[in-house]
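Engineer: There's a structure below that I have some questions on.
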Amino acid sequence: MRWFNKIATHQLTLLVIRIIVGGVFLLYGVAKALAPLDQFNQSILDYQLLPEFIVPTFAVVMVIVEIAVGLSLILGIYTRYAALATGALLIVFLIAIGQAMLRGLALPDCGCSGGFIKLGETPVEVFVRDAIMLVMLVPILLKTRAGQVAPWTVDKWFELRRPPKV
Amino acid sequence: MSDEQLTKKERQELNRQEKNNRKANEERAESFKKIGMAIGLVVIVVGIVWAVKASRPSADEVIDVHPDPIEGPADAAIVIKEYSDFECPACQALHPVLQDIRKEYNGQVRFQYNDFPLSQHKYSTTAAVGAECAFQQDKFFDYHDLLFDNQETWAAVKTKDEATEIFRGYAEELSLDMTAFDSCTTGPDAADRVNEDYAEGISLGVNSTPTVFVNGERVTEVPFSKTIREAIERAIGAGAQSTVSGEGEDDTSANSNTSDVNDNADAVVQ
């Protein structure tokens, strides 16, 4: 397993993971912001988890959080916290989609892009995609354990600028 | 001696505290910078997105890419443009309201229908394609009425095939040429038109259905029966004023508004 660990926490792997997962969040966040908000609201309602009055606020917060998390992950600003937040979001998405599948709810659109892009993915495909992204976060969390800083991040840059410890 | 020792200890303690303070300050400054960076970037991205959204052309700047179904005289002073989804219940509710308004202002208004099928509605695109195909045989508004009047029936069916069969039935009911209708619904042109309408709506900032424009003025407030009439009256007032005086800031803008919409009208008629 040591070779696996080596590859998984290799600096290039970490960079690629951050760009892919962060990029997906950033792009979908921007797409949601550009699309008619009503469509995203409707997609959230389709999951039948939240009361209607809270949905418009939730939608706006979601868009901003996704953009923030995506940017932080790509640039590596508080990389560990960004990865943890992304993981938490993905778990929420997985629960939302999972319960919709179990309850047999019709999801005409996963709402991932707020209706901006219509990929026509089935709920199962979205579930698998989110699960893969969740697993992809593990190496980042492994690498940033115990105050370690991931390479090629803003975090690293700040660390290097710190005056040397005496 | 003990005094000196104490002060030495104190000095050491002080030094350590100072060091700790400095370290804490540095750390605080670093987190401020990092958090500031993150917030700044988010603000920039959201700002850009918002600017892109806001800079989209307004209703009277967009010229239609293809002729839309129109009812009413081509030279009418008032143009009502509706962006609608055949499966949306609010659009169905607006349907009789618009019919009344068109009757009330008969000869003065031109009504233009645009498709804006929302992704959450299972059959609205298929319905819109059917209506586009009825439009090719000059039966758009009859078909449109049938779709809205029977929305509960076809929106409730389980499969797309059933819905398609119902939509075919409406075409038969209107005695359309079924060979032409079938080749139209299965071909790409009608679907392209629906998509173009949708894209046009997005470019106008349409984000809900129904969205109505009266001479370029967007009407979103409910009750539509009241707000659309008010917008029409305003447009009529603006038109009358501009022909009387032709002066004043408001008048000129209203004037240019109307002429832009008329330009659109020409584009549509061609």
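Engineer: Could you tell me which of the residues A:G147, A:G115 is on the phi > 0 side of the Ramachandran plot and crowded, with 19+ Cβ neighbours inside 10 Å? Outline the logic, then answer.
Structural biologist: Working: A:G147 fails: crowded, with 19+ Cβ neighbours inside 10 Å.
Exactly one residue qualifies, and that residue is A:G115.
Engineer: Just for the range A:75-88: of the residues that are in a helix (DSSP H, G or I) and in contact (Cβ under 8 Å) with a residue 40 or more places away in the chain, which one is nearest to A:V154 (Cα to Cα)?
Structural biologist: Residues of the range A:75-88 that are in a helix (DSSP H, G or I), as a first pass: A:75, A:79-88.
Narrowing further to those that are in contact (Cβ under 8 Å) with a residue 40 or more places away in the chain: A:75, A:79-80, A:82-84, A:86-87.
Details: A:L75: 6, A:T79: 9, A:R80: 12, A:A82: 12, A:A83: 14, A:L84: 17, A:T86: 18, A:G87: 20 Å.
Only one residue fits best here, namely A:L75.
Engineer: On the basis of being at pLDDT 90 or above and in a loop (DSSP other than H, G, I, E, B), does B:L176 make the cut? Outline the logic, then answer.
Structural biologist: Numbers: at pLDDT 90 or above: yes; in a loop (DSSP other than H, G, I, E, B): yes.
Yes.
Engineer: Do we have any residue at all in the range A:24-47 that's more than 13 Å from chain B (Cβ to nearest Cβ), under 22 Å from B:V45 (Cβ atoms) and either within 14 Å of the chain's Cα centre (by Cα) or at pLDDT below 95 (or both)? Break it down into steps so the answer makes sense when it comes.
Structural biologist: Going residue by residue through the range A:24-47, those that are more than 13 Å from chain B (Cβ to nearest Cβ) are A:24.
Adding the requirement that they be under 22 Å from B:V45 (Cβ atoms) leaves A:24.
So of that shortlist, the ones also either within 14 Å of the chain's Cα centre (by Cα) or at pLDDT below 95 (or both) come out as A:24.
Taking every residue of the range A:24-47 in turn, at least one turns out to be more than 13 Å from chain B (Cβ to nearest Cβ), under 22 Å from B:V45 (Cβ atoms) and either within 14 Å of the chain's Cα centre (by Cα) or at pLDDT below 95 (or both).
Engineer: Being within 11 Å of another protein chain (Cβ to nearest Cβ) and over 21 Å from B:T185 (Cβ atoms) narrows it down to one of B:V109, B:V97, B:V49, B:V79, so name that one.
Structural biologist: Values: B:V109 fails: within 11 Å of another protein chain (Cβ to nearest Cβ); B:V97 fails: within 11 Å of another protein chain (Cβ to nearest Cβ); B:V79 fails: within 11 Å of another protein chain (Cβ to nearest Cβ).
Just one listed residue meets the conditions, B:V49.
Engineer: Next question, about the same structure. When you scan the range B:189-198, do you find a residue that is hydrophobic (A, V, I, L, M, F, W, C) and closer than 30 Å to A:P56 by Cβ, even just one?
Structural biologist: Going residue by residue through the range B:189-198, those that are hydrophobic (A, V, I, L, M, F, W, C) are B:190-191, B:194.
Filter once more, keeping what is closer than 30 Å to A:P56 by Cβ: B:194.
Yes, the range B:189-198 has at least one match.
Yes or no, residue by residue, for (1) charged (D, E, K, R); (2) free of Cβ contacts under 8 Å to residues at least 12 places away in the same chain; (3) surrounded by fewer than 17 Cβ atoms within 10 Å (Cβ to Cβ):
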{"residue": "B:M178", "(1), (2), (3)": "no, yes, yes"}
{"residue": "B:S183", "(1), (2), (3)": "no, yes, yes"}
{"residue": "B:D197", "(1), (2), (3)": "yes, no, no"}
{"residue": "B:S203", "(1), (2), (3)": "no, no, yes"}
{"residue": "B:V206", "(1), (2), (3)": "no, no, no"}
{"residue": "B:V212", "(1), (2), (3)": "no, no, no"}
{"residue": "B:G216", "(1), (2), (3)": "no, no, no"}
{"residue": "B:K226", "(1), (2), (3)": "yes, yes, yes"}
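Engineer: Filter the range B:116-173 down to the residues that are out of contact with any His (no Cβ under 9 Å at 6 or more places or on another chain), within 13 Å of chain A (Cβ to nearest Cβ) and not in a loop (DSSP other than H, G, I, E, B) and list them by number.
Structural biologist: Passing the criteria: B:S124, B:T125, B:T126, B:K160.
Engineer: Restricting the first residue to the range A:63-74 and requiring it to be at the interface with chain B (Cβ under 9 Å from one of its Cβ atoms), which pairs with a second residue that is among the basic types (K, R) and assigned to a helix (DSSP H, G or I) meet a Cβ separation below 9 Å and a spacing of at least six or different chains?
Structural biologist: A:V63/A:K32; A:I67/A:K32
Engineer: Related question: If we scan the range A:77-90, do we find a residue that is within 14 Å of chain B (Cβ to nearest Cβ), under 24 Å from B:E87 (Cα atoms) and basic (K, R)?
Structural biologist: no
Engineer: Please work out if A:I54 is in a helix (DSSP H, G or I), within 14 Å of another protein chain (Cβ to nearest Cβ), of a type in the set (A, V, I, L, M, F, W, C) and over 18 Å from A:L141 (Cα atoms). Write out each step before concluding.
Structural biologist: Details: in a helix (DSSP H, G or I): yes; within 14 Å of another protein chain (Cβ to nearest Cβ): no; of a type in the set (A, V, I, L, M, F, W, C): yes; over 18 Å from A:L141 (Cα atoms): yes.
No, not satisfied.
Every residue, every condition in (1) modelled with pLDDT of 90 or more; (2) buried (at least 22 other Cβ atoms within 10 Å of the Cβ), yes or no:
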site: B:G107; (1), (2): no, no
site: B:A127; (1), (2): yes, yes
site: B:E165; (1), (2): yes, no
site: B:E172; (1), (2): yes, no
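Engineer: Any chance you could count how many residues in the range B:195-240 are within 13 Å of chain A (Cβ to nearest Cβ) and among the aromatic types (F, W, Y)?
Structural biologist: Matching residues across the range B:195-240 total 1.
The values are calculated or read from the model by the stated rules, or taken from the named source; none is laboratory data. This one's a predicted model, so the numbers in the text were calculated from it and none came from an experiment. We place every Cβ from the backbone using ideal geometry, glycine too, and count neighbours over all the protein chains shown.
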